[in-house]
2 protein chains.
Amino acid sequence: MNQAPHLTFDLDKPGMSTGHLVVPQGADCKELSLPVFSLNKRKGPRLLVTGGNHGNELEGVLVARRLIEWLPEAQICGRVIVLPVLNPLAVEACSRNTPLDGLNLNRVFPGRADGSVTERIADAVSRLLLPMADTIFDLHSFGPPWDFPPATTTHPIADTDLMAKTMKMAEAFKLPMTLVWEYDDTAGMFDIVAQNQGKVFVCAEFGGGTVGAANLAIYEAGVRNALIALGLVEGKAEHPTFRQEKSGQILETNPSDELKSPARGIFEPRRSVLDEVKRGDLIGILHPIDSLSAASVDIRAPTRSTVCAIRSGAHVDAGEEVAMLARPLKVSGMECA
Amino acid sequence: MNQAPHLTFDLDKPGMSTGHLVVPQGADCKELSLPVFSLNKRKGPRLLVTGGNHGNELEGVLVARRLIEWLPEAQICGRVIVLPVLNPLAVEACSRNTPLDGLNLNRVFPGRADGSVTERIADAVSRLLLPMADTIFDLHSFGPPWDFPPATTTHPIADTDLMAKTMKMAEAFKLPMTLVWEYDDTAGMFDIVAQNQGKVFVCAEFGGGTVGAANLAIYEAGVRNALIALGLVEGKAEHPTFRQEKSGQILETNPSDELKSPARGIFEPRRSVLDEVKRGDLIGILHPIDSLSAASVDIRAPTRSTVCAIRSGAHVDAGEEVAMLARPLKVSGMECA
């Protein structure tokens, strides 16, 4: 008989408490206990902060743990729940998906109580934590082989009122980039489940490449800025700067902004993130490695744009994505300045 | 019957030529043809530049290819041979070692003619290219999960005259760090074989983490500086700067400077490369992920030092190396300023 997912403590208890979200055992895996932090100062915004959705994106886990350290001194109202590691099996394996069932947690929401372990995690979170929050910050990273500026992102939302609220929240992080990301593969995302319930969901995409001290400081400042904007903590928002003082750009991107490698070989990046490029500018070069006489192939910008993600130099296959471009946001009726 | 390793062209031919270094087939693998570039202007220094010794260190491959582009216009004397990819099997797999035999090319020099494919590559290079050069630049990177400044490195060399010449050459790159690296596991390194023949061998450790455009520009400038110092090309050396204008530090490190993780969990870096720290300063934090109440463990500097490498945030095992410290070089009779 399957146990139901449950919490080992009462989230309604006033003040600070910690305990576990218990994901029941299944045929594939024993029971999981995910550490949860709660600070309940009653009236005010209800926020859920999650990290470790993907196991190879650790900035969010680290920033969530920092938050737990200073929140008890800082929070003045409302309720904050922090779950630093959504998927401990993937984090321990440093892999995007859960090794046990091969599933991407961020594609199986709202999950299934009788599913495999990844689906059971999504089910437990959807049933027990999501109803406790009106705003969710899910702290991701762009993934190891990519360079990406500290950013908040959202997908376009049909409900224009919710979209405006979401953009306002995303901008409140004051990170170097705020990105509206039109994306095909959204079924089963945590975002969509939360947004369908009318909640404000901001996905922070924290860096990429190296999980380093400098970027972590920017991310932590971004989350603090967002808590200030919500009124959960007092203080003055900082505007964390990033290389060359570039910050605060609001951009949009869609699938046609992806640049693919034209052949098999080594991709050499020739631009950095947030570089502005015009049509024909060199973004990177593809070098076949089996011959010095086989010509290298230039990969150029198809249009005036901003580099919002660029792959680290790597041996890639033909058709593999190597860069992502973006343009200043222009959603009809929703220009954000 | 095994064919002998050979070149498909005559390296003594004046002017520019390209061809292949042929590594004979063996029981494990068919014949390999490694593209080679040669520019022979007769009298002057004889330099060999190699990249792709480790297949997940691609900066050197890319910088070697850039060198081939501008050298024909720039070289005024001497002989330069460039072999951008020493180990194509590892580069295609993006792995440090050769997938086929699991060997680390940089631990099997001088190789074996009747060995497995990695040993046959080392044998071909040792027999046919090494004798053609008095100076060798082997272009490495520090490896993907680490942050490391653009640097040249050498191991301590017993022959003080050769050590002085090697340090002079290493410094001529004018990269942010020049590092004397005392290291136990040196048997079979390309360095050692070359140095035992009295040659000047500089290992460039180019970055780590993300193979990005900004770092590549610094590396390329470093190699150009070294060619200017050798008198192979004309021009004025640049002093490539790196974050916070830190550059030109000459440091040494030994096995006791390695910091290991005290437990299993997520390592959070709290310092960046080239940060100066004093005894007791926080270098990073180890976070167990199975409990919020299990205390995080601080990892502190045991002595006044400079952070010369720091692991990217990652889930690590107990005893895994997470940072490497260094101190200003002080080799008896060999202080370099």
Q) If the label for B:Pro99 sits 7 angstrom from Cα along the Cα-to-Cβ line, what are its distances to the same label in every other copy, in nm to one decimal, shortest first? A) 1.9
Q. Relative to the Cα centre, what is the charge dipole magnitude of the protein assembly as shown, using +1 at the beta carbon of each Lys and Arg, -1 at the beta carbon of each Asp and Glu, and rounding to the nearest 20 debye?
A. 1220
Q | Cβ-based charge dipole, region A:224-326, positive-most Cα from A:Gly319, A:Leu230, A:Ser291 | A | A:Leu230
Q) Taking a 1.4 Å probe, which of A:Glu73, A:Glu31, A:Glu321 shows the most accessible area, and what order do the others take after it? A) A:Glu73, A:Glu31, A:Glu321
**Q.** At least 50 Å² of accessible area lost relative to the chain alone, listed for region A:29-44 with a 1.4 Å probe
**A.** A:Pro35
Q) What is the mean number of Cβ atoms from other protein chains located within 10 Å of the Cβ atom of each residue in peptide B:58-66, rounded to a whole number? A) 4
Q: First obtain the Kirkwood hydrodynamic radius of the protein assembly as shown from its Cα pairs, then insert it into the Stokes-Einstein equation at 25 °C and 0.890 mPa s, and state the resulting D in µm² per second as a whole number.
A: 92
Q | Calculated diffusion of chain B, Stokes-Einstein form, Kirkwood radius summed over Cα pairs, 25 °C and 0.890 mPa s, µm²/s | A | 118
Q: With only Lys, Arg, Asp and Glu charged, each at its Cβ (+1 for the first two, -1 for the last two), find how big the charge dipole of region B:46-176 is about the Cα centre; round to the nearest 20 debye.
A: 200
Q.
Could you give the length gained by full extension between B:Ala318 and B:Asp159, i.e. 0.36 nm per residue of separation minus their alpha carbon distance, to one decimal place?
A. 53.4 nm
Q.
Given an 8 Å cut-off on Cα distances and at least 6 residues of separation, report the relative contact order of region B:1-63 as a percent.
A. 25
Q) Span-like helices, chain A: DSSP H, alpha-carbon axial extent 15 Å or more, mean Kyte-Doolittle 0.5 or greater, which ones? A) A:213-230
(Q) Quick check: at a probe of 1.4 Å, how many percent of the accessible area of chain B sits on carbon and sulfur atoms? (A) 50
Q. How big is the B/A interface in buried accessible area, both sides summed, 1.4 Å probe, to the nearest 100 Å²?
A. 3500
Q. Per residue, how much accessible area does region B:1-158 show when a 1.4 Å probe rolls over the protein heavy atoms, in square angstrom?
A. 35
Q) Given Cα pairs under 8 Å that are at least 6 residues apart, what percent is the relative contact order of chain A? A) 15
Q: Mind checking B:265-273 for the average number of partner chain beta-carbons within 10 Å of each residue's beta-carbon?
A: 6
Q. Any idea what the B:Phe9 label distances to the other copies are, label 7 Å down the Cα→Cβ vector, nm, shortest first?
A. 7.0
**Q.** Ordering of B:47-55, B:74-82 by burial proxy (mean other Cβ atoms within 10 Å per residue, highest first)
**A.** B:47-55, B:74-82
Q) Say a label goes 7 Å from Cα toward Cβ at A:Glu238 in every copy; what distances in nm does this one have to the rest, shortest first? A) 3.1
Q: Work out the charge dipole of region A:125-257 with +1 on the Cβ of Lys and Arg and -1 on the Cβ of Asp and Glu about the Cα centre, then indicate which of A:Ala170, A:Leu216, A:Asn196 is farthest towards its positive end.
A: A:Leu216
Q) Can you give the calculated 222 nm mean residue ellipticity of chain B, where each DSSP H run of n ≥ 4 adds -39,500 (n - 2.57) and the sum is split over every residue, rounded to the nearest 500 deg cm²/dmol? A) -6000 deg cm²/dmol
Q | Count, lysine Cα pairs under 22 Å in chain B, 8 or more residues apart or across chains | A | 25
**Q.** 10 Å Cβ neighbours from other chains, averaged over peptide B:314-326
**A.** 2
Q.
Using the basic label-point model (7 angstrom from Cα toward the beta carbon), what is the B:Glu73 to A:Gln197 distance in nanometres?
A. 6.1
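The values are calculated or read from the model by the stated rules, or taken from the named source; none is laboratory data. Keep in mind it's a predicted model, so treat the numbers as computed, not measured. Quick reminder, even Gly has a Cβ in these numbers, built from the backbone with ideal geometry, and neighbours come from all protein chains shown. Surface accessibility is based on the protein's heavy atoms, side chains included, excluding ligands, DNA and RNA. Shrake-Rupley method; radii C 1.70, N 1.55, O 1.52, S 1.80 Å.
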